[in-house]
Amino acid sequence: MTDTTVIIKTIGRKSLKNAIQSSRREGFKTIVVSDGVKTNADGAHMFLRLGRQWGFYGGMAANVGAAMAETEFITFLDDDDEFILGAGDVIRNSLHHKAAVDVWIGGVRFKAPVVLKDTKTQEIHYDGTDLAIFPEKGLTEGNVAMPTYRTKVFENTPFVNSVPENMQHLTDLLHVQALAAKGYTYDWFGKALYLVRPRVNSLDSKAYNGRGT
């Protein structure tokens, strides 16, 4: 059995099928958690449906999935994302290379170019497709996405049910920062492992602040 569980949070998109298939292809145990909606999760090792829609950017679905995981590590997908071919081997090799690391930051590849800006200064940090692969930039906006956790670490500090207003696109960053403040260690996989759909800004042909929705 794999030592990593992928928790796929779904709101019933048809693309869930591709997310499940990519997870199984990469050799992961797969738990699908529905945010209160009926959906087809064929191919998943486990399917859970919450009693009502919680929203909160998948926080409740993620927490429930993590509580059901029996592996040492967990990672997450939204139902419109998928793993890049070969991601499973990269993740498994990295997790056992540095045994002391608690949180691994996985790079994402957007299906269209994105522009990421500092929300305060408007300085452009990225303009491209591959993000969250540069450890030298530290824990900054646009450099944290799709974390992989030691399951016991995540359970000690689960996702909150809401995030500060206008900061929803920073959910992963805020969570990793909170863990770092508690003394947990983190590192980067250094490669794009997840193929995601960007949020598109209606004022620009490119995505802005590139968080999948």
Margin query: Return the pair list, or none, for Cβ contacts closer than 8 Å from residues in region 1-26 that are closer than 22 Å to Phe154 by Cα to residues that are of a type in the set (Lys, Arg) and surrounded by fewer than 24 Cβ atoms within 10 Å (Cβ to Cβ), at least 6 apart or on different chains.
Written below: Met1/Lys29; Thr2/Lys29; Thr2/Arg92; Asp3/Arg92; Thr4/Lys29; Thr4/Arg92; Thr5/Lys29; Val6/Lys29
Checklist line | Yes/no for Ala145 being surrounded by 18 or more Cβ atoms within 10 Å (Cβ to Cβ), at pLDDT below 90 and within 23 Å of Ile7 (Cβ to Cβ) | finding: yes
Next item on the list: Would you mind telling me which numbered condition in (1) closer than 23 Å to Val144 by Cα; (2) in contact with a Leu (Cβ under 7 Å, 6 or more places away or on another chain); (3) free of Cβ contacts under 8 Å to residues at least 40 places away in the same chain Thr30 fails?
Entry: (2)
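Taking the residues in region 37-60 that are assigned to a loop (DSSP other than H, G, I, E, B) and in contact with a strand residue (DSSP E or B) (Cβ under 7 Å, 6 or more places away or on another chain) as candidates, determine which candidate is nearest to Asn161 (Cα to Cα).
Taking the candidates together, the pick is Leu50.
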Note to self: Name the single residue that is farthest from Val103 (Cα to Cα) among those in region 1-36 being part of a loop (DSSP other than H, G, I, E, B) and of a type in the set (Lys, Arg).
What the structure shows: Lys14
Checklist line | Sole residue being over 13 Å from the mean Cα position of the chain (by Cα), surrounded by 19 or more Cβ atoms within 10 Å (Cβ to Cβ) and in a helix (DSSP H, G or I), chosen from Leu173, Leu179, Leu116 | finding: Leu179
Next item on the list: Could you check how many residues of region 82-102 are surrounded by fewer than 21 Cβ atoms within 10 Å (Cβ to Cβ), among the hydrophobic types (A, V, I, L, M, F, W, C) and in contact (Cβ under 8 Å) with a residue 40 or more places away in the chain?
Entry: 6
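The values are calculated or read from the model by the stated rules, or taken from the named source; none is laboratory data. What you see is a predicted model, and the numbers here were worked out from it, not measured in a lab. So basically every Cβ, Gly included, is an ideal-geometry build from the backbone, and we count neighbours across all protein chains shown.
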